[in-house]
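Written out below as structure tokens is the structure these notes cover.
The values are calculated or read from the model by the stated rules, or taken from the named source; none is laboratory data. Note that the structure is predicted; figures quoted are calculated from it, not measured. Glycine also receives a Cβ, built like all others from the backbone with ideal geometry; neighbour counts cover every protein chain displayed.
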Amino acid sequence: MRERLIIPVRWVDIGVTVSTGTLSKLELENEQVLFIFNMHTGSSPYTHEFVTNVQDPQLLSSFVSAMSTFMGEVTGEIQKQWKTVYGSDTTLLVETVEWCIAVLAVKRETAEARSKLRRVASEFVDIFEPMKNALYFEGGVFNEFDDFVRDVFLGNRISGRTLLLTESKNIDSKPTFLLPSISYKIQKIAELAKKNLSLEEMVSYIDSTKKELKELVSLAVWNRALCPIFVPEDRDILSLSLNAASELFERGNPLNLSVTTIRLLALLDGKKTLSELTKKLDILENSITFKELGRLINLGYVEKIPQERRLLLVNECIISRLIRSCIRSIGEKKTSSLFESAIREGIPNHPWTSRIQMTADGAAKVILEKDMTPVDLDEMFIALEFAIERIIQGLSDEIGHISASLVLPRIKERCQKEWSRRL
């Protein structure tokens with residue numbers, strides 16, 4: 001007798017019933033196409049299309065090459081990072097690393113997309129440096145690199161809450177995989193996806209672990225066999241992308257978001273976890289808000305904070321705990337003097353140091369901007385490292401080198417342990 005599959009009713013908005021028709025009609029892909037081309041040879045050895053036949057990589061590479069050459073002639077130097085509008089609704093993010101240019105076409109610019117593009121470009125140069133003068137490549141030379149790119153773009157997005165769609169104009173009707181067993185398992189996942197099951201709920205119906213299931217879904221999404229909705233997890237830290245607020249909070253609510261979702265969007269600060277924010281609003285696990293957030297992540301309105309910003313949060317924790325430790329050891333007045341001295345000393349070579357502030361409750365905070373690039377965030381990280389080092393030096397003068405040298409390792413261990421659970 002065939003076992004009947006009993007599916008729970010999911011994604012019911014509690015207390016507020018608002019149609020999400022407008023949002024659900026939008027295409028769910030922000031990233032369009034990624035390609036890397038060699039400035040020496042003019043070839044584009046690596047390309048990945050996130051969507052089907054939206055942008056022609058060869059046409060885009062010619063356009064970017066011409067733009068890069070023009071800007072180089074005007075400014076007298078190669079531009080490392082830039083962007084340009086292409087067509088009516090596409091932005092090209094461009095990252096130049098040594099002899100190659102990496103380009104990501106997106107509908108909306110996000111810091112997360114820029115960060116991932118930089119990681120991909122840097123890895124490409126490191127791996128293929130010996131082949132930079134090659135005119136063409138044969139065989140599966142890019143297979144391992146493609147797995148790396150897939151992990152960069154999907155690894156932190158696919159979670160137990162991820163939902164999958166089997167009907168989308170972006171889905172390839174005949175995707176190919178290396179093994180028939182992979183195709184069979186992905187077909188089974190597609191059948192479960194039609195039941196509106198999350199990945200977490202699929203585990204009990206598939207002979208795979210959660211980790212194996214995530215890898216299968218990653219392969220399916222990368223090869224456009226399935227379309228995901230990246231519903232975030234409780235530990236995710238989210239923020240609004242650049243210029244997203246004007247559309248998300250537009251009068252009349254044209255995206256038709258639920259009231260609870262709009263209230264949650266207003267709280268996203270790039271520092272607190274999703275669970276911390278949902279508890280404030282008493283949002284239940286099966287609220288439609290989670291699915292709406294997933295769609296907004298897909299569309300680029302909401303983003304998970306990039307790697308560079310995550311590192312900043314750890315360092316912000318370290319300098320805050322360090323200041324509190326100093327206050328306990330030498331008092332608030334001397335600590336304030338140490339802090340101000342560190343900031344003044346840092347500003348000439350590390351101007352971002354000026355964005356570090358001591359708070360009234362004896363901690364520290366970093367003032368960040370929405371449009372900060374990964375390079376800006378790196379510079380902010382270096383500025384924090386400098387300030388921490390100078391405060392420790394000042395503390396050594398007050399309590400002795402040996403005592404001061406014991407403070408920072410303990411603080412780093414606590415902060416790394418605290419943030420490892422969130423990040």
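Are any residues in the stretch 161-181 touching a Leu at 6+ places or on another chain (Cβ under 9 Å), surrounded by fewer than 17 Cβ atoms within 10 Å (Cβ to Cβ) and either in the same structural domain as Gly300 (by TED's automatic domain parsing) or not in a loop (DSSP other than H, G, I, E, B) (or both), and if so, which ones?
Leu165
So which residues in the stretch 191-220 are farther than 25 Å from Ser287 by Cβ, of a type in the set (A, V, I, L, M) and within 26 Å of the chain's Cα centre (by Cα), if there are any at all?
Answer for the stretch 191-220, where residues must be farther than 25 Å from Ser287 by Cβ, of a type in the set (A, V, I, L, M) and within 26 Å of the chain's Cα centre (by Cα): Leu216, Leu219, Ala220.
From Leu267, Leu311, grab the single residue that is at pLDDT below 95 and surrounded by fewer than 20 Cβ atoms within 10 Å (Cβ to Cβ).
That would be Leu311, the only listed residue that is at pLDDT below 95 and surrounded by fewer than 20 Cβ atoms within 10 Å (Cβ to Cβ).
Please state which of the following conditions Ser62 fails to meet, knowing it meets all the rest: (1) touching a helix residue (DSSP H, G or I) at 6+ places or on another chain (Cβ under 8 Å); (2) at pLDDT 70 or above; (3) not aromatic (Phe, Trp, Tyr).
The single condition Ser62 does not satisfy is (1).
Kindly establish whether Thr289 is crowded, with 21+ Cβ neighbours inside 10 Å and free of Cβ contacts under 8 Å to residues at least 60 places away in the same chain.
So Thr289 does not fit the description; no.
In the stretch 218-243, which residue that is of a type in the set (A, V, I, L, M) and touching a strand residue (DSSP E or B) at 6+ places or on another chain (Cβ under 7 Å) is farthest from Val149 (Cα to Cα)?
Only one residue tops the list, namely Leu240.
Quick one: Glu303 ticks every box in (1) outside any helix (DSSP H, G or I); (2) surrounded by fewer than 19 Cβ atoms within 10 Å (Cβ to Cβ) except a single one, so which number is it?
So the condition that Glu303 fails would be (2).
Got a sec? Which of Thr22, Thr84, Thr91, Thr52 is over 26 Å from Met131 (Cβ atoms), surrounded by 12 or more Cβ atoms within 10 Å (Cβ to Cβ) and modelled with pLDDT under 75?
Thr22
Give the residue that is surrounded by the fewest Cβ atoms within 10 Å (Cβ to Cβ), with candidates limited to residues of the stretch 343-377 that are touching a residue at least 24 places away in the same chain (Cβ under 8 Å), assigned to a loop (DSSP other than H, G, I, E, B) and under 20 Å from the mean Cα position of the chain (by Cα).
Applying the filter and picking the extreme gives Asp371.
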